[in-house]
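**Student:** Got a structure for you, written out below as structure tokens; questions coming shortly.
Just so you know, all these numbers are worked out from the coordinates, no wet-lab data involved. Here the structure is a predicted model, which is why all the values come from computation and not from measurement. All Cβ positions, glycine included, derive from the backbone under ideal geometry; neighbour counts span all protein chains shown.
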Amino acid sequence: MKHLLKLRLLFSLSVLILLLGACGTHSDMPAMPSEESADTHQPGESTGILSMSPPPEKHITIPVKSVPAPAKYFNDAVFIGDSISEGLKVEAMYLKNTFNTDYFGKARFLTAQNFGLFNALRGSNLPLYKGEKQPIWKSIAQMDITKIYICLGMNDLASFSVKEIISNYKTVIKKLLKAKPGAKILIQSLTPITRSEEKNQVYKLVTKARLNELNQALCGMAEKDGYYYLDIYSVIKDNQGFLADKETWDLTCHMRPEALARWIKYLRTHTVKD
Amino acid sequence: MRNTRNMGRKRKTIILTLILVFIVTAVLTSCSRSPKAHVDLNEVYEKIKQSSVLPQMTMVDENMLEDAYAIQRSDCEQMVIEVCSNARRADEIVLIEAKDGKEDKIIQKLEKWLENRAQYAAGYSPEQYAIIKKCAVHANGRYISMIVSPEAQTLIDVYNSFF
């Protein structure tokens, strides 16, 4: 008898423990709906005790490839960059105004030659906005945007370590998000350089190896801090990891339309939910 | 006798009248310094393109007009703004017909734009910097131009032929 009682007790305790374990207070466990909340469910939704709220969406750092987004997707976007992004801007305008092919809608461009993260923080070579050179976060604050595309770092690579660049990147993003809380940050990888540039050592520290190192660090930062990462490098490079000489204006890193077309296609097909 | 005299007088009158008309017409056409009533800037740009001096150019978006140049579209009657498709080159054509009273404002904005462009170019290309520094903003009544090119004078001559 006693034995049976013990068994029953043990059984009840086990069930209790199991139930408590399933409904534990772990932060990412979905909450069990109470009987009260069952009345607030929409038609078609399960109201049984086992129905749970959907788990929070896991952040996907690199957007999955999809059908090309319409131009209006970029209406609330701004592209921040240096002379390489200036090329993107001009090409987009050329396609729109010459062939009536609008890819970027009303996207804004905050770009300038020789711009970089260090310059952004130091206040030099700042992109113009409304005719004035001002910190990019001040310009952003005046815009009606929700998506911030950033393609910076090439000009920093010539003078700074990857660690320093990442640190500056984080500071710049912090300032951008302070100016535009809730904006989506889309970090674009650096784009490749030509064999000629590496061989001629135009800038000693700007090499394919360091570019790759920085891109990996950028991807890691995006993943850790909840931003998006766009691997533009992968669609521009040739099979040896360089930008083809014939696809540049100046045998360095400034792309001609053939390479820019791949960049544009990548941007249109790797989008984030609005 | 009288008839001959009368005919002589008539002839003199006609000749004098013709000379007067000719002088007045000559004075009016040659001394006129104001621009023609209307110049179609698209036509001007087409003529500029025919000079074969420009590289491949691309038209600038209207939303860039305010963002970058800080010029209001509403201050312009018509405009043609083109930049080089190779963003590393300084070539740029800005032709604007300002609305009445907006000329000075537009000139000021373009001068500032040119100054900024020179500053950027100083950082990456002495050659492009030199090209920009040789160029200036010009006004012909309400018609304002800013022509940046290594062959700027050739293009300016084409532009001026319309005025």
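**Student:** I need the trypsin sites (Lys or Arg not before Pro) found in region A:160-217, filtered to DSSP loop residues with at most 12 other beta carbons within 10 Å of theirs.
**Tutor:** A:Lys204
**Student:** How much length, in nm to one decimal, is gained on full extension between A:Gln134 and A:Ile62, taken as 0.36 nm per residue of separation minus their Cα-Cα distance?
**Tutor:** Difference between extended and current length: 22.8 nm.
**Student:** Moving on. Mean-square fluctuation check for chain B, GNM, Cα pairs under 10 Å: which of B:Lys133, B:Lys12, B:Lys112 is largest?
**Tutor:** Among B:Lys133, B:Lys12, B:Lys112, the largest mean-square fluctuation in the Gaussian network model of chain B belongs to B:Lys12.
**Student:** May I ask for the distance between the Cα centers of region A:206-224 and region B:56-85, given as a whole number of Å?
**Tutor:** 36 Å
**Student:** How would B:Met59, A:Met255, A:Met93 line up from fewest to most surrounding beta-carbon atoms within 10 angstrom?
**Tutor:** Ordered by Cβ neighbours within 10 Å, fewest first: B:Met59, A:Met93, A:Met255.
**Student:** In vacuum, with every alpha carbon of chain B counted as one equal point scatterer, what does the Debye formula give for log10 I(q)/I(0) at q = 0.15 Å⁻¹? Two decimals, please.
**Tutor:** These q points yield log10 I(q)/I(0) values of -0.83.
**Student:** What's the Cα-based Rg to Rh of region A:106-223, Rh via Kirkwood?
**Tutor:** A ratio of 0.97.
**Student:** Output the pairs from A:Lys133/A:Lys170; B:Lys112/B:Lys134; A:Lys208/A:Lys237 with a Cα-Cα distance over 18 Å in this structure; if there are none, say none.
**Tutor:** Where the Cα-Cα span goes over 18 Å, the pairs concerned are A:Lys133/A:Lys170.
**Student:** For A:Asp238 and B:Phe162, what does the FRET efficiency come to when R0 = 30 Å and r is the distance between their Cβ atoms, rounded to the nearest 0.05?
**Tutor:** Given R0 = 30 Å and the Cβ-Cβ separation, E is 0.05.
**Student:** Further, regarding this structure: Give, in nm to one decimal, the length gained when the segment between B:Ser74 and B:Ala122 is fully stretched (0.36 nm per residue of separation minus the Cα-Cα distance).
**Tutor:** Net length gain for the segment: 14.0 nm.
**Student:** Dipole of region B:10-163 (Lys/Arg Cβ +1, Asp/Glu Cβ -1, origin at the Cα centre): which of B:Ile96, B:Ile144, B:Phe22 lies farthest to the positive side?
**Tutor:** Result: B:Phe22, furthest along the dipole toward the positive end.
**Student:** Please arrange B:His138, A:His254 by counting, for each residue, the other beta carbons lying within 10 Å of its beta carbon, fewest first.
**Tutor:** In increasing order of surrounding Cβ atoms, one gets B:His138, A:His254.
**Student:** Continuing with this model, one more query. For A:Thr171, put the label point 7 Å out on the Cα→Cβ axis and report which residues of region A:99-116 keep their amide N under 11 Å from it.
**Tutor:** none
**Student:** Run the helix sum for chain B: -39,500 (n - 2.57) per DSSP H stretch of 4+ residues, divided by residue count, reported at 222 nm to the nearest 500 deg cm²/dmol.
**Tutor:** The per-residue figure over chain B is -16000 deg cm²/dmol.
**Student:** If you rank B:Leu114, A:Leu121 by fewest surrounding Cβ atoms within 10 Å, what's the result?
**Tutor:** So the ranking, lowest neighbour count to highest, is A:Leu121, B:Leu114.
**Student:** Pairs of Cα atoms under 8 Å, at least six residues apart: use those to get the relative contact order of chain B, whole percent.
**Tutor:** 22 percent
**Student:** Taking 0.36 nm per residue of separation and subtracting the Cα-Cα distance, what length does fully extending B:Glu46 through B:Gln108 add?
**Tutor:** So the extension gain works out to 19.7 nm.
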